[in-house]
Amino acid sequence: MKIGIVTDNTCNIPAQELEKNGIEYASLYIMNGEKSTRADQISKNVFYDEIQRTQYIPKTSQPSVDDFIKTYSKALEQYDKIISVHLSSKLSGTVNSANLAAKEFEPGRITVVDSLLTSWALGFLVLHLKDRIKNGEQDIAELARLAREFHKKTRVFFSVGNLEYLHKGGRIGKGKALLGSILQLKPILQLKDGEIHPYKNIRGMNGVLKELVDLAVDEKKQPDEIAIISTGNTSIASYATERAKEKNIDISKIRTGYIDVVLGLHLGPDSIGVITYYE
């Protein structure tokens, strides 16, 4: 029996790497006025440059049921069964679209899992499942169990460069945004149990970058996977990477690059994330 994987673009795995591993994905959408664009078709560096120069913040939208039907149909041309793992249902309706689409196929062929994750934490899960299948795991129920438990082994922390994006996204009030800007406070956010929670406030970007790495990296154990990603500001990502080197992290293990535009849109410019996975 051949088992395939379906995910979505928020996993942050480059499309070429997904294709190389035979992994299909559905894309969320960026809504700019009446224009709807697949998020995977948007150049990240161009997108982040544009949102720095405009006051308008686009919205995001989940893949449609039809998008998933097409994705599943393509995957089932190669595989007997599919495990479909997606960003947290507490952040998006993507899992709901996937579940509705799965009902259009023979029962048991598609198993949908709410990962309670996003970004590279979801990406690490997808690659972990791929390795388990490659090494002979054929029990779809066991793979689903692993996928549902995976979030407990991750540490996901972000910080934003501009509190106004959290305000416009409805995550903090105008007063907090204004006060934070005056005091130069930068919030550190944690993805926990599928939701993004405020963790603590730090004054100044250098302090934030040090704290992010310290929170994500265990003092006594090296992470099995690590990603340091940003919404376009490569200098802050480089600083965080240097901090990771100071903690004896193998630089060759660090995944770097841009945060997927769907999550990055809610975080805003000059935001950064540090994500780790421990077996």
* Structure fact -> Checked region 217-235 for anything over 15 Å from the mean Cα position of the chain (by Cα) and of a type in the set (A, V, I, L, M, F, W, C); matches are 217
* So which residues in region 125-149 are without any contact (Cβ under 8 Å) to a residue 24 or more places away in the chain and of a type in the set (Lys, Arg), if there are any at all? -> 132, 134, 145
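To keep it simple, each residue is scored yes or no on (1) without any contact (Cβ under 8 Å) to a residue 12 or more places away in the chain; (2) part of a helix (DSSP H, G or I); (3) surrounded by 14 or more Cβ atoms within 10 Å (Cβ to Cβ).
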site	(1), (2), (3)
1	no, no, no
7	no, no, yes
16	yes, yes, no
19	yes, yes, no
25	no, no, yes
30	no, no, yes
40	no, yes, yes
* Applying the selection to region 211-237, what residues are over 21 Å from residue 190 (Cα atoms) and touching a strand residue (DSSP E or B) at 6+ places or on another chain (Cβ under 9 Å)? -> 234
* Structure fact -> Matching residues in region 82-94 (under 22 Å from residue 264 (Cα atoms) and crowded, with 23+ Cβ neighbours inside 10 Å) number 4
* To do: Just name the residue that is farthest from residue 151 (Cα to Cα) out of those in region 47-97 that are assigned to a loop (DSSP other than H, G, I, E, B) and among the aliphatic types (A, V, I, L, M).
  => 57
* Asked: Within region 49-77, can you find the residues that are modelled with pLDDT of 95 or more, of a type outside the set (Asp, Glu) and either over 20 Å from the mean Cα position of the chain (by Cα) or crowded, with 19+ Cβ neighbours inside 10 Å (or both)?
  -> 62, 63, 65, 68, 69, 70, 71, 72, 73, 74, 75, 76
* Structure fact -> Within region 43-95, the residues that are in contact with a His (Cβ under 9 Å, 6 or more places away or on another chain) and basic (Lys, Arg) are none
* Is one or more of the residues making up region 228-239 hydroxyl-bearing (Ser, Thr, Tyr), surrounded by 24 or more Cβ atoms within 10 Å (Cβ to Cβ) and farther than 18 Å from residue 199 by Cα? -> yes
* Failed condition for residue 79, given (1) free of Cβ contacts under 8 Å to residues at least 12 places away in the same chain; (2) farther than 21 Å from residue 30 by Cα -> (1)
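The values are calculated or read from the model by the stated rules, or taken from the named source; none is laboratory data. Here the structure is a predicted model, which is why all the values come from computation and not from measurement. For neighbour counting, all protein chains shown are included, and Cβ atoms are generated from backbone atoms with ideal geometry for every residue, glycine included.
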